[in-house]
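Structure first, then comments.
The values are calculated or read from the model by the stated rules, or taken from the named source; none is laboratory data. Because the structure is predicted, anything quoted here is derived from the model rather than measured. Positions of Cβ are backbone-derived with ideal geometry, glycine not excepted, and every protein chain shown enters the neighbour counts. Quick note on the areas: whole protein, heavy atoms, side chains included, nothing else; ligands and nucleic acids left out. Shrake-Rupley method; radii C 1.70, N 1.55, O 1.52, S 1.80 Å.
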Amino acid sequence: MDTLWQDLCYGIRVLFKNPGFTAGVVLTLALGIGANTAIFGLVSVVLLKELPVKDPEQLARVRVYRKESIRDLSYPVFRDLSRLQRVFSGMTASGEFTPNRLSLGGQLQEFGKIQGNFVSANYFSVLGVSPAIGRMFTLEDSHAAGEGAVAVISFGFWGRHFAYDPSALGRTVTLNKTPFTIIGVAPRGFFGDQVGMTPDFWVPILMQPQLEGGDQLERRTSTWFRTIARLKPDVSKKQAEAELTVLFQELMAEEIASGSGSLISHDQPQDFRVELQLGSSGLNNLRAGLQRPLQLLMGIVGLVLLIACCNVANLLLARATARQREIVVRVALGAGRMRLIGQLLTESVLLAVMGGTLGLVMAWWSNDLLLTLVPLSVDLRPDLYILTFTLAVSLLSAILFGLVPALQVTSSNISPALQASSRYHSSGRPRQRFSRALVTSQVALYLCLLIGAGLLVRSLQKLRGQDVGVERDNVLMLDVFADETAIKGTHFPDLQGQLLERLKAVPGVHSVSFSEYRLFSGSFSTAPARVPGSSIGPERDDEVRENWVSPEYFRTLGMKLLLGRTFTHQDSRIEPRVAVINERMARHYFGQESPIGKMIYFPKVDAQGRYIPFGPQLDRSLGVEVIGVVQDAKYDDLREAIPSMAYLPISPVEGLPSCIEVRTVGQPSAVMLQFRQILNQVNPNIILRTIKTLEDQIDETLLQERLFTKVLGFFGLLALGLACVGLYGIISYAVVCRTNEIGVRLALGAEPTDVVKLVVRQGIILALGGVTMGVFLALAVTRVISSYLYGVTANDPATFAVISLLLITVALLACYIPARRAAKVDPMVALRYE
């Protein structure tokens with residue numbers, strides 16, 4: 001302990017005597033360690049942290065696969081399966097809910113700020129969660145749909161709105177004009193069953209019809225919630241899946257036999273299987289969706305840390321040269337090599353601890369920035385996992401960058417090193433060779449990062465720049481909600497007409513339209529279709545997407561009409577009904593023939609939302625006449641294949657559509673503020689949920705691409721900066737080692753430009769070696785991100801060439817400064833230099 005204390009005290013004195021060197025090393029390490037800590041914090045929360053419940057490893061999410069597609073259970077199937085199964089100790093349901101109106105004590109809360117969950121009465125008992133105060137739900141709280149106006153609030157909601165006052169129990173919170181009595185508070189740290197989603201309250205799932213207006217509890221086609229179950233201790237995952245698959249296939253066979261299933265006729269019960277997703281870390285798609293991206297990001301930031309360690313190792317090697325005589329004198333006076341290595345490693349550990357501390361601060365500071373890239377509701381504050389990780393990374397870094405310089409500097413022979421004239425010649429060349437090898441490896445790693453960033457940038461540009469089939473500029477998308485109970489009795493045609501005229505009267509508005517489903521929102525409706533005389537039979541058929549739109553829809557979105565005509569205001573009142581279809585649907589069903597005037601039939605839908613199979617004779621009331629064909633367009637995902645699409649005229653008598661599209665003459669931001677006021681003036685019960693541009697709506701679908709591009713781009717630029725530092729450091733070190741040689745050259749008549757060329761050539765040789773190595777390394781590494789690319793290959797020659805030239809240019813700039821300094825050396829001073 002005395003020796004360790006002496007080493008620590010001496011190391012601190014040495015480091016603070018060289019503040020410039022110490023600051024450079026600490027900052028370099030902080031960047032590498034901070035990046036790793038920040039990304040690991042996200043990895044820890046999303047992939048590693050367990051649910052704060054009892055025995056989370058026994059929980060599973062129940063999902064159904066139909067061939068390759070996946071879906072959740074409907075509530076009727078959930079009830080049947082939970083009644084028949086014998087492999088779970090309990091099954092429960094959980095689904096998100098965002099209230100359109102919420103008030104506490106008569107004070108209205110801002111829409112979109114509060115999140116809730118519908119859960120079955122046994123939700124908390126199945127998860128094994130006890131209340132902080134009060135009680136959780138019981139089976140007595142609700143027996144039938146519309147019963148059970150009680151709520152459990154989160155610990156955070158309790159603190160924000162009730163200041164942790166126990167009198168919150170028994171108080172009333174009003175959701176969508178329905179009062180709920182608060183009966184309990186969830187424990188601190190409980191965030192529900194999904195990572196990244198933190199509900200503010202939980203209400204019984206049987207209250208869904210009361211709160212949302214439409215009864216989703218009896219619709220066998222509605223799969224809007226998650227099924228969560230707890231395995232019995234003596235039942236394995238495979239056993240449970242086998243039994244549940246048999247039960248589910250029996251339920252589907254009953255549906256198909258009854259002729260009232262929502263399935264296309266060629267589906268068979270054996271097409272279905274049940275799979276369990278064990279979920280100690282969260283029972284949602286977030287983990288599966290982000291697992292690979294986060295693993296790649298951890299690999300990227302690990303690469304950045306390795307580059308930082310190589311840079312620091314080079315700095316320590318340069319500093320070791322300056323301390324060589326000190327070390328040799330210590331050896332001459334009897335110091336053992338292991339003792340000296342221990343002293344030097346202690347200094348490295350001090351540097352790593354300082355770098356790790358600063359890196360932890362940087363990671364904490366960057367949490368908000370990271371959450372803007374990954375819009376999740378998670379707590380990234382440092383915990384024991386993150387602190388342990390940072391300490392481990394810091395100590396590993398100290399070994400990586402400190403061990404080799406320590407071994408190099410303590411390997412010198414005593415006699416040559418004590419001679420003044422051999423200060424830089426005794427062991428400089430081996431160290432220079434090692435430093436050059438480090439720099440060459442660094443440049444190769446830089447090139448890999450930059451090429452990966454370049455490929456993702458080009459991919460994102462191609463995704464954004466592709467023709468989506470609509471004119472995306474200057475279009476606003478308004479998501480509205482009309483409280484049906486509040487506007488009951490309203491004459492909807494008048495309401496729509498008034499709203500349309502008021503919005504069109506706003507200066508700068510070009511056109512306004514209504515639709516049931518907005519573009520790139522992920523919401524859509526599909527249905528089977530039959531076309532008499534078409535060569536496409538049921539066995540080759542696919543489902544057709546439907547959207548109900550107003551006549552101005554195609555004009556507002558700039559969709560080109562290819563054949564026929566679009567809707568008029570009279571089309572919603574005529575029989576037979578009419579439709580406009582897209583190019584793909586026209587090709588699929590009609591080939592080269594014109595579809596204008598042809599009939600397409602869609603099935604009826606029963607009270608449970610299931611399609612009633614077509615009879616032997618097609619009912620004319622189910623048919624729609626094709627009156628026009630519009631160009632193909634993207635709808636949800638820029639990578640997706642374009643589906644068959646049918647546009648139907650929206651009925652003005654069935655309520656207010658949920659989406660309003662507005663095309664403006666200039667920038668949409670100039671008129672956005674007026675729309676909320678207009679909606680409130682027309683009818684205060686019309687709630688504007690969101691308002692955003694179509695461009696922003698499209699960008700939201702590119703979350704993963706933008707995340708990769710921004711993060712990898714940032715680390716690519718960071719690596720480029722470290723490349724400058726690394727090359728500058730090694731060339732400066734080489735200039736110091738060759739000061740005598742440079743002086744001799746100048747004394748013998750060499751021109752300053754000759755010296756500049758000599759030094760720059762040394763740096764360029766290193767850069768070219770690194771670029772050559774990096775190109776071959778990148779050809780292998782970029783295949784890892786090939787699945788995230790669009791319109792560009794993983795070995796795109798243009799990207800490789802541009803990034804290689806960029807790195808060589810940066811190398812020239814990094815070498816030029818020490819080269820200019822070498823050219824200004826005074827020959828007389830250089831010849832006397834030690």
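Quick one: in the stretch 53-71, of everything that is in contact with a Leu (Cβ under 9 Å, 6 or more places away or on another chain) and within 14 Å of residue 125 (Cα to Cα), which residue is surrounded by the most Cβ atoms within 10 Å (Cβ to Cβ)?
Pass one, the stretch 53-71, residues in contact with a Leu (Cβ under 9 Å, 6 or more places away or on another chain): 53-54, 56-64, 66.
Next, from what is left, pick out any that are within 14 Å of residue 125 (Cα to Cα): 53-54, 56, 58-59.
On the way: 53: 19, 54: 14, 56: 19, 58: 19, 59: 26.
By that ranking, first place goes to 59.
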| query | Taking the stretch 166-190 only, how many residues are within 31 Å of the chain's Cα centre (by Cα) and open to solvent by 60 Å² or more (accessible area, probe 1.4 Å)? | reply | 1
| note | Picked from the stretch 144-155 (must be small (Gly, Ala, Ser) and modelled with pLDDT of 90 or more), the residue nearest to residue 102 (Cα to Cα) is 151
| On the given criteria, is residue 229 modelled with pLDDT of 80 or more and open to solvent by 30 Å² or more (accessible area, probe 1.4 Å)? | no
| message | Being open to solvent by less than 30 Å² (accessible area, probe 1.4 Å) and under 26 Å from residue 702 (Cβ atoms) is the filter here; which residues of the stretch 644-670 pass it? | response | 644, 645, 647, 659, 660, 661, 662, 663, 664, 668
| field | helices (runs of 4 or more DSSP H) enclosed by the stretch 61-179 - at least 2 residues per element that are among the small types (Gly, Ala, Ser) | value | 155-162
| message | Residue under question is residue 636, and the condition is that it be modelled with pLDDT of 90 or more, closer than 30 Å to residue 695 by Cβ, open to solvent by less than 60 Å² (accessible area, probe 1.4 Å) and not hydrophobic (A, V, I, L, M, F, W, C); does it hold? | response | no
| request: Tell me, yes or no, whether the stretch 788-808 has at least one residue that is touching a helix residue (DSSP H, G or I) at 6+ places or on another chain (Cβ under 6 Å) and at positive phi. | output: yes
| Is the stretch 780-789 home to any residue that is within 39 Å of the chain's Cα centre (by Cα), charged (D, E, K, R) and over 26 Å from residue 21 (Cα atoms)? | yes
| Sole residue being open to solvent by 20 Å² or more (accessible area, probe 1.4 Å) and at pLDDT below 85, chosen from 257, 163 | 257
| query | Among the candidates 775, 760, 802, 771, which residue alone is closer than 24 Å to residue 725 by Cα and more than 39 Å from the chain's Cα centre (by Cα)? | reply | 760
| So residue 50 clears everything in (1) modelled with pLDDT under 80; (2) in a strand (DSSP E or B) except one condition, right? Which one? | (2)
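Which residue out of 687, 660, 678 is part of a strand (DSSP E or B) and closer than 22 Å to residue 557 by Cβ?
Numbers: 687 fails: closer than 22 Å to residue 557 by Cβ; 678 fails: part of a strand (DSSP E or B).
Every option except 660 fails the conditions.
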| remark: Among strands (runs of 3 or more DSSP E) completely within the stretch 515-602, the ones holding 1 or more residues that are within 30 Å of residue 698 (Cα to Cα) and open to solvent by less than 40 Å² (accessible area, probe 1.4 Å) are 525-527, 544-549, 577-582
| query | Can you name the condition, by its number, that residue 644 falls short on among (1) closer than 28 Å to residue 688 by Cβ; (2) within 33 Å of the chain's Cα centre (by Cα)? | reply | (1)
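Could you tell me whether residue 765 is free of Cβ contacts under 8 Å to residues at least 40 places away in the same chain and either within 24 Å of residue 821 (Cα to Cα) or surrounded by fewer than 17 Cβ atoms within 10 Å (Cβ to Cβ) (or both)?
Numbers: free of Cβ contacts under 8 Å to residues at least 40 places away in the same chain: yes; either within 24 Å of residue 821 (Cα to Cα) or surrounded by fewer than 17 Cβ atoms within 10 Å (Cβ to Cβ) (or both): yes.
So residue 765 passes the test.
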| said: Looking only at the stretch 731-755, filter to residues that are under 48 Å from the mean Cα position of the chain (by Cα) and open to solvent by 10 Å² or more (accessible area, probe 1.4 Å); which one of those is farthest from residue 824 (Cα to Cα)? | reply: 733
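Would you point out which residue out of 771, 775, 802 is within 30 Å of residue 294 (Cβ to Cβ), open to solvent by 80 Å² or more (accessible area, probe 1.4 Å), at pLDDT 85 or above and of a type in the set (A, V, I, L, M)?
Numbers: 771 fails: open to solvent by 80 Å² or more (accessible area, probe 1.4 Å); 775 fails: open to solvent by 80 Å² or more (accessible area, probe 1.4 Å).
It is 802.
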